[in-house]
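Inspection log for the structure reproduced underneath, given as structure tokens.
Coordinate-derived values only; no laboratory data. What you are looking at is a predicted structure, and each value in this text was computed from that prediction instead of being measured. Counting neighbours? That spans all protein chains shown, and the Cβs are built from the backbone with ideal geometry, glycine included.
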Amino acid sequence: MNKPNKPGSNLDPNLRARLLKESKNPYRGLRRAVWIALFGSASVGFFIMITNIIAGDTVSINDLVIQSSALLILGFLLYKDRNKQKND
């Protein structure tokens, strides 16, 4: 038998589970959208730099390091914020 926290509570158990999950990890959807957008931007920037290098243009090593670092850091953050459970 389900035992809600308050006697006489008419909160749906599924809704309660979703609310508890959201309270443990707030704004997860928004955060994931930001990580994906920033990772995509870093990927496009890195791709453009690599194509410039292949084309023979000069690219500052500092710019390449910054772009590579952004790509790695945002990729790590995106990986870290993934679903840990298969049934989410």
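When each of the peptides 61-70, 33-42, 15-24 is scored by how many other beta carbons lie within 10 Å of its residues on average, the order from highest to lowest is 33-42, 61-70, 15-24.
For segment 24-88, the Cα gyration tensor yields ellipsoid semi-axes of 31, 10, 9 Å (square root of five times each eigenvalue, largest first, whole Å).
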